[in-house]
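S.K.: My questions all concern the structure below.
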Amino acid sequence: MKIPFAVTAGDYLVAATGLVEGAPGPFFCAACQKPVTLKQGKQRIWHFAHRAGSDCKTGFETAVHLFAKQILVEARHLRTPAMVCQVSPFGRSVTLRDAETRTWVGPGEVEKWLGGFRPDVVLPGQAPLIVEVAVTHLCDDAKRQKLSDLGIPAIEIDLSSVSRDITEGPLRELILENLECKRWIFHEGEAETLELLRAERAEEDARLAHEETEAQARRRLAEAERFKEDQRRMQALQERETERWRRARQADRRLRESSNERKLAFVSSKLGFPREWPPELDVDVRGSSAIGAPHRIWQGDLFRRHIIGSTPKGPTDVEVEFAADWLIRRYGLEPTSAKLVRIAIWDFFTSLERRGYLARKVRQRFNIRRDALRAFIPSEPPLLFWAKNQPSQKRFLEAAEASGIRASDERLQHLHAELTSTDTRLSELDCMRRVAAELQMNLEAAAAFLRRAGVLVQFGQEKLCSDR
């Protein structure tokens, strides 16, 4: 075991590296007091070593501890660390003493008896300073309490990590100048300051807890208000849906109770064809006897409910099953007739597919390709042409209002965008038909509205003879 320091015959510690080559000795171990040999080789750092057969295990630690105390006794200055009180890494801190260099006159005292306790070194000055040197064991709570009872400031120098090759110069620098290895183990006012900081921390924690409690209460209140508002909206929605359902059922009942002539007149007015009836809505299909109404009535009713005006909002599908359920409910049919009703609707949709209105997708689902009728002209509107300059949206809406058209602004805006788009320009006649179907009016009224809006213009009184 290498030992950097040893005791001379005069009971003084010396460093092996500080001796001249061939120094005579004798030298003794600071721990076991047995003679040690000075090793002054060419390759390894100079040191002392026990002779063969020695069982000393604490020679290094004891030598470092005693040599450190000797350095302190002989020194006349010492760098001391700042004394900072803080109860948490993120809390407020109070500095009781800044880092400084302490100086004194005269030697320090080793293991001076103070009230039943022997500190390692007591340094002189206006206010004495106790220094504890720790090589193997740091200061415990019992020693801290004794130092507190003395009421004398004390620091600890931690030398537990020094190398076994340590020499006098680095050890002296570490003890006297270094701050990282030092800590205050007692300082006047520390306990009171820490107690104050703990009280502040407790007060701050209480304030934060109170604020969090209030915030949670506000969040719960806001959540409760949102829940109530959601409940009110849901209730209003349910009430509107219930009212819509009630009106629909009333309308269904009135339709069922009316004569076929009145039923046909109702469907005709909705389709905008009061005189001529389009053949695609008068198709003889299987299972129609289960419906109990003429072909043109239920087919026209089904077409105006599920197909007309369905595509402006995007591609739309219609299903046989869904349409059958609606027809059974609307016409008050027996559930046992559901199969025949589905067959009748299937044949009807297939007929519309052949005419280009629908396109079969999967099973009983059809995609709506055309949502306005290609019908016969019920009357002879004046010959109209597309206006060179299409009207603004504002003029289009004003013309609708002046024409007594009852439709939402959003619906009219979408129709205006569709009609004035140059990408999908319809023929003039198809334009009138499209408006008639969308706004549920006859062709003459649609033509008058389009003239008023400035979409179409009249150049003559020639009659339209062909469907362009």
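S.K.: Return the residue satisfying two criteria in turn: it lies in segment 433-451 and is in contact with a Phe, Trp or Tyr (Cβ under 9 Å, 6 or more places away or on another chain) and either among the acidic types (D, E) or not in a loop (DSSP other than H, G, I, E, B) (or both), and of such residues it is surrounded by the fewest Cβ atoms within 10 Å (Cβ to Cβ). Spell out the reasoning first.
M.R.: Step one: of segment 433-451, the residues in contact with a Phe, Trp or Tyr (Cβ under 9 Å, 6 or more places away or on another chain) are 435-436, 439, 441-443.
In the following step, the residues that additionally are either among the acidic types (D, E) or not in a loop (DSSP other than H, G, I, E, B) (or both) were identified as 435-436, 439, 443.
Working: V435: 25, A436: 25, L439: 20, L443: 22.
It comes out as L439.
S.K.: Same structure again: Is it fair to say E261 is more than 51 Å from the chain's Cα centre (by Cα), part of a helix (DSSP H, G or I) and at pLDDT 85 or above? Explain how you work it out, then say what you get.
M.R.: Numbers: more than 51 Å from the chain's Cα centre (by Cα): yes; part of a helix (DSSP H, G or I): yes; at pLDDT 85 or above: yes.
Judged against the criteria, E261 is a match.
S.K.: While we're on this one: Could you tell me whether segment 126-137 includes any residue that is under 30 Å from A202 (Cβ atoms), touching a His at 6+ places or on another chain (Cβ under 7 Å) and in the same structural domain as A16 (by TED's automatic domain parsing)? Before you say what the answer is, go through the steps one by one.
M.R.: Taking segment 126-137 as the starting set, the residues that turn out to be under 30 Å from A202 (Cβ atoms) are none.
No; the residues of segment 126-137 include none that is under 30 Å from A202 (Cβ atoms), touching a His at 6+ places or on another chain (Cβ under 7 Å) and in the same structural domain as A16 (by TED's automatic domain parsing).
S.K.: Further question on the same structure: Only one residue in R240, R246, R219, R286 is exposed (fewer than 13 other Cβ atoms within 10 Å of the Cβ) and either in contact with a Cys (Cβ under 8 Å, 6 or more places away or on another chain) or within 28 Å of E353 (Cα to Cα) (or both). Which one?
M.R.: On the way: R240 fails: either in contact with a Cys (Cβ under 8 Å, 6 or more places away or on another chain) or within 28 Å of E353 (Cα to Cα) (or both); R246 fails: either in contact with a Cys (Cβ under 8 Å, 6 or more places away or on another chain) or within 28 Å of E353 (Cα to Cα) (or both); R219 fails: either in contact with a Cys (Cβ under 8 Å, 6 or more places away or on another chain) or within 28 Å of E353 (Cα to Cα) (or both).
Just a single option satisfies the conditions, and that option is R286.
S.K.: Inside segment 94-114, can you point out the residues that are within 60 Å of the chain's Cα centre (by Cα), surrounded by 11 or more Cβ atoms within 10 Å (Cβ to Cβ) and either modelled with pLDDT under 90 or not in a loop (DSSP other than H, G, I, E, B) (or both)?
M.R.: First pass over segment 94-114, keeping only residues within 60 Å of the chain's Cα centre (by Cα): 94-103.
Filter again for surrounded by 11 or more Cβ atoms within 10 Å (Cβ to Cβ), leaving 94-97, 99-100, 102-103.
Within segment 94-114, V94, T95, L96, R97, E100, R102, T103 qualify.
S.K.: If you don't mind, there's one more thing I want to ask. Look at A63 and say whether it is over 30 Å from T101 (Cβ atoms) and surrounded by 14 or more Cβ atoms within 10 Å (Cβ to Cβ). Give the steps one after another, and end with the answer.
M.R.: Numbers: over 30 Å from T101 (Cβ atoms): no; surrounded by 14 or more Cβ atoms within 10 Å (Cβ to Cβ): yes.
Criteria not met by A63.
S.K.: Quick check on my filter: what residues within segment 62-87 are assigned to a strand (DSSP E or B) and of a type in the set (S, T, Y)?
M.R.: Taking segment 62-87 first, the residues assigned to a strand (DSSP E or B) are 77-80, 83-86.
Listed by number, the list holds a single entry, T80.
S.K.: Another question, if that's okay. Determine, yes or no, whether T193 is in the same structural domain as L72 (by TED's automatic domain parsing) and either touching a Gly at 6+ places or on another chain (Cβ under 9 Å) or modelled with pLDDT under 90 (or both). Step through it out loud before you land on a result.
M.R.: Working: in the same structural domain as L72 (by TED's automatic domain parsing): no; either touching a Gly at 6+ places or on another chain (Cβ under 9 Å) or modelled with pLDDT under 90 (or both): yes.
Against the criterion (in the same structural domain as L72 (by TED's automatic domain parsing) and either touching a Gly at 6+ places or on another chain (Cβ under 9 Å) or modelled with pLDDT under 90 (or both)), T193 does not qualify.
S.K.: When segment 372-385 is examined, which residues are found to be surrounded by fewer than 18 Cβ atoms within 10 Å (Cβ to Cβ) and modelled with pLDDT of 70 or more?
M.R.: L383, F385
S.K.: Given the conditions (1) within 19 Å of F266 (Cα to Cα); (2) surrounded by fewer than 18 Cβ atoms within 10 Å (Cβ to Cβ), and given that F322 satisfies all but one, which numbered condition is not satisfied?
M.R.: (1)
S.K.: Looking at R92, R118, R51, R102, which one is under 24 Å from G18 (Cβ atoms) and not aliphatic (A, V, I, L, M)? Working first, answer last.
M.R.: Numbers: R92 fails: under 24 Å from G18 (Cβ atoms); R118 fails: under 24 Å from G18 (Cβ atoms); R102 fails: under 24 Å from G18 (Cβ atoms).
Going through R92, R118, R51, R102 in turn, just one is under 24 Å from G18 (Cβ atoms) and not aliphatic (A, V, I, L, M): R51.
S.K.: Restricting attention to segment 115-172, and to residues there that are assigned to a loop (DSSP other than H, G, I, E, B) and without any contact (Cβ under 8 Å) to a residue 12 or more places away in the chain, which single residue is surrounded by the fewest Cβ atoms within 10 Å (Cβ to Cβ)?
M.R.: Q126
S.K.: Let me ask something else about it. Considering only residues that are in contact with an Asp or Glu (Cβ under 8 Å, 6 or more places away or on another chain) and among the small types (G, A, S), which ones fall in segment 254-295?
M.R.: Passing the criteria: only G287.
Yes or no, residue by residue, for (1) of a type in the set (D, E); (2) out of contact with any strand residue (DSSP E or B) (no Cβ under 6 Å at 6 or more places or on another chain); (3) on the phi < 0 side of the Ramachandran plot:
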residue: P107; (1), (2), (3): no, yes, yes
residue: G115; (1), (2), (3): no, yes, no
residue: Q126; (1), (2), (3): no, yes, yes
residue: I130; (1), (2), (3): no, no, yes
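The values are calculated or read from the model by the stated rules, or taken from the named source; none is laboratory data. Only a predicted model underlies this, so the values are computations on that prediction, with no experimental measurement involved. Backbone-built Cβ (ideal geometry, glycine too); neighbour counts: all protein chains shown.
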